[in-house]
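One structure is given below, encoded as structure tokens.
The values are calculated or read from the model by the stated rules, or taken from the named source; none is laboratory data. Keep in mind that this is a model prediction, so the values were computed, not measured. Cβ sites come from the backbone with ideal geometry, for glycine too, and all protein chains shown count toward neighbours. When the accessible area is computed, the model is the full protein with side chains, heavy atoms only, and any ligands, DNA or RNA have been set aside. Shrake-Rupley method; radii C 1.70, N 1.55, O 1.52, S 1.80 Å.
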Amino acid sequence: MGYDDVTVAIGEFGRYQKRIYFLLSIPAMSAALHSMAGVFLSAQPSFRCLLPEENLENATFELPSNLTGYPPDIWSNGTKELSSCESYVVRSKVQNNSDADTEFQAQSIFVEKCNSFVYDKSIFTLTTTSEFNLVCDRAWLRAMADSIFMVGMMIGSIIFGDLADRYGRKQIICYCVTAQAAGGLLAALAPELYSFMIFRAIIGSTENGLILVAFVAAIELVIPERRLMTGTGLQLFFTLGYASVALLAYFIRNWRFLQVVFVIPSVGMLAYWWVMPESVRWMLSNGRVEEAKAVLLKASSENGVELSRETLDGMLNENSSTSKKAESETTSIYHLFKYPTLRRKTLLLCAIWFIITSEYYGLSWDTSSTGGNIYVKFVLAALVELPGHALPYFTLDKWGRKIVLSGCMCLSGFVLLSTQFVPNDMTWLTILLTMMGKFAITAAFDVIFIFTAEQYPTVIRNTGVGACATWGRIGGIVAPSILYSSVVWRSLPLVIFGTGSVIASVLTLFLPETLNQKLPDTIEEGERRGRSLRAEHHVINLTKSDEAMRLQSDEKTKLQSIS
């Protein structure tokens, strides 16, 4: 009997599993707080130039009527639009009138770039943009800060996924939490922009590593029939954290205080060093059978199930031989491409992750950039994901992972490409179709997490998910460039996202279905299963071919008899 059978024996989803699952759901909420925090930490308030007559300490955004920095005749005549990055300066110069042999003062108006700015504090009291003056010629630094955060997330996908397969789920979760709490507090105290970028990159790396490892640990906690519930539930916790960002930012308008609040869950999760056990499936796959048995006995006791040590020993006899094979396997990213089945899966999944992640972040950021109240817009962008999470929950166990993922990507591609046929005066329809696209891509994001974790053996599962997520983060880095392509053609970003969705829909069909399949523990087991599926497919094709040849032979015989 394997671990899935033992899980049923100790209580399929009892008090022990619920407690661990709750502990694993907090990292999902924390991840949403940090990944979406930049919208408000670096928000750009309205601003104008600081005029020569003003003092920066007491200047207000509303322009005083007695100042001459903006001459009324130029401000109101509509011949020249005033830029927030430039100031009109009136200068007098003594000139000679050679005809009358007299001197007079001539006034000239110059346009100068501003060095200091006054910000509107009616919405944001203080952001990194207003504190570090990330406007005008320095506006690109704000975009660079977001890109560096995404690079940190990409690095975390590579590093922590591999480390979790080597040293265990609990240990890496605890290391990530510790680094995240330290990086978050240091980011709140950053004296200038570049140190803030570095600390945010640290947060990004730990945030992505934390949610990926927690997701895999949650999948490993339950039997196959419960994977959908656990995977979708973590995504719901992520959406809850996503919406909470706007709520917290609404009441806390200073970015430093807001950053400290975002770190509170990370500080609380430091207790995981003492309250969270290691993944039993990982321990069994790495030969730590006695430790796994100790955890299972405690779990059965917590669930109110009587299970003796002798009974447990007998149930894990079959699993122990698999554990010895898994223990001898030293895995790395190299192994993802060494074996044919793993290589084929990894290449397909990396491409799909790249497309899904770039589209998800592209549509999310594009939605938040539309006008209106930023807090309301942000919450609506989060709430539209709720039906996206519900769809996989009600369909995955009925239709399978592959069909649902392919269908969601196909729907997303169809609605985004169809926006090109919407008349220009029907903006509401374009927005509706775009929201439908985000709904579909959110559902696809839920499925791809579960589908990817189920494709890999236990000994290399986190490494595989981390490698795929890395390509997803590259897609997130590329997303702003895709949005910028609207300067060439306004609808080009939606065309790119829609076309990518259609391609991902087709690529998904080449992956094996994992519905209710036992998770492979070793690479050998995974490769053997992949070969058997290909052989079965080959036999089916040969059978169909033989049947077609037989029908053709029968038809030829009939024609000859008629002749």
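Surface composition of region 110-213: carbon plus sulfur atoms contribute 66% of the solvent-accessible area (1.4 Å probe, protein chains only, all chains present).
Each Lys or Arg adds one and each Asp or Glu takes one away; over the other residues whose Cβ falls under 14 Å from the Cβ of Tyr242, this sums to -1. Lys and Arg at +1, Asp and Glu at -1: add these up for the other residues within a Cβ distance under 9 Å of Gly388 and post the number. So the surrounding residues net to -1. Only protein atoms count toward the accessible area here, which uses a 1.4 Å probe; on region 441-502, the carbon and sulfur part of that area reaches 73 percent. Taking a point 7 Å out from the Cα of Phe257 in the direction of its Cβ, the residues of region 182-205 whose backbone N falls within less than 20 Å of it are 184-191. Calculate the spin-label point distance for Glu290 paired with Thr499, positioning each point 7 Å from the Cα along the beta-carbon direction, and give it in nanometres. Placing both labels 7 Å beyond Cα along the Cβ direction yields 6.1 nm.
Checking every one of the chymotrypsin sites (Phe, Trp or Tyr not before Pro) in region 413-460 against DSSP loop status and a limit of 16 other Cβ atoms within 10 Å picks out no site at all. Ranking Cys410, Cys176 by solvent-accessible area of protein heavy atoms (1.4 Å probe, all protein chains present), from largest to smallest, gives Cys410, Cys176. Take the Cα of Tyr194, go 7 Å toward its beta carbon, and the backbone nitrogen atoms of region 126-167 under 17 Å from that spot belong to 132-134, 138-146, 148-149.
Local charge for Asn254 was computed over the other residues whose Cβ lies under 13 Å away, with Lys and Arg +1 and Asp and Glu -1, and equals +2. Put a dot 7 Å past the Cα of Glu513, heading toward its Cβ, do the same for Ala271, and the two dots end up 4.4 nm apart. Projecting label points 7 angstrom from Cα along Cα→Cβ for Met144 and Ser486 puts them 2.5 nm apart. Peptides 344-351, 282-289 ranked from most to least packed, by the mean per-residue count of other Cβ atoms within 10 Å: 282-289, 344-351.
Taken over region 121-262, the convex hull of the Cα atoms encloses 111 Å³ per residue. In plain terms, the chain from Ala390 to Val376 could stretch by 2.8 nm, reckoned as 0.36 nm per residue minus the Cα-Cα distance.
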